[in-house]
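First the structure, in the form of structure tokens, and then the observations on it.
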Amino acid sequence: QVQLVESGGGLVQAGGSLRLSCASSGSSFIFNVMSWYRQAPGKERELVAVITSSSTTTYADSVKGRFTISRGTAKNTVYLQMNSLNVEDTAVYYCNGRRFATSQPYWGQGTQVTVSP
């Protein structure tokens, strides 16, 4: 059974930084596409950042220049470095892994990020 587990969330003041981690287990294949999504209260889940197996990255406009997605050396691990956090970044952050761009996505359970004024 494929599992993704996020960690690193927490409470931080505006302007601060957090680093989220996502580790996967139970997969016999590489996730060629790994992503971070977030969902704020009362809002739909939105894509934050994507990284491919060739390290091509894509970011939502709202986080460009502040967030950095990267892959770990361990299989199917991904990180999200978040700098210059603001209140609008408060959300549950979810890790997502796909074998290919059109494959079934696997989701983690989410980690809460709360940014205080």
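Among strands (runs of 3 or more DSSP E) entirely within the stretch 8-111, having at least 1 residues that are of a type outside the set (Gly, Ala, Ser) and open to solvent by less than 30 Å² (accessible area, probe 1.4 Å) singles out 10-13, 18-25, 33-39, 46-52, 67-71, 78-82, 91-98.
Inside the stretch 72-96, residues that are modelled with pLDDT under 95 and of a type outside the set (S, T, N, Q) make up a count of 3.
How many residues does the stretch 87-117 contain that are farther than 25 Å from Gln3 by Cβ and either aliphatic (A, V, I, L, M) or without any contact (Cβ under 8 Å) to a residue 60 or more places away in the chain (or both)? Adding up the residues that qualify gives 5. From the list Val63, Val12, Val48, Val33, which one is farther than 24 Å from Ala101 by Cα and among the β-branched types (Val, Ile, Thr)? Answer to the check: Val12. Within the stretch 37-86, being in contact (Cβ under 8 Å) with a residue 60 or more places away in the chain and among the hydroxyl-bearing types (Ser, Thr, Tyr) holds for Tyr79, Ser84.
Just to be sure I understand the filter: pairs with C-beta atoms under 8 Å, separated by 6 or more residues or on different chains, first member in the stretch 5-27 and at positive phi and modelled with pLDDT under 95, second member open to solvent by 30 Å² or more (accessible area, probe 1.4 Å) and in a strand (DSSP E or B). Which pairs pass? Partner pairs satisfying both residue conditions: Gly26/Gln3.
The values are calculated or read from the model by the stated rules, or taken from the named source; none is laboratory data. All values reported here derive from a predicted model rather than from experimental measurement. Using ideal geometry, Cβ is built from the backbone for each residue, glycine included, and neighbour counts are taken over all protein chains shown. Surface areas here come from the heavy atoms of the whole protein model, side chains and all, with no ligands, DNA or RNA. Shrake-Rupley method; radii C 1.70, N 1.55, O 1.52, S 1.80 Å.
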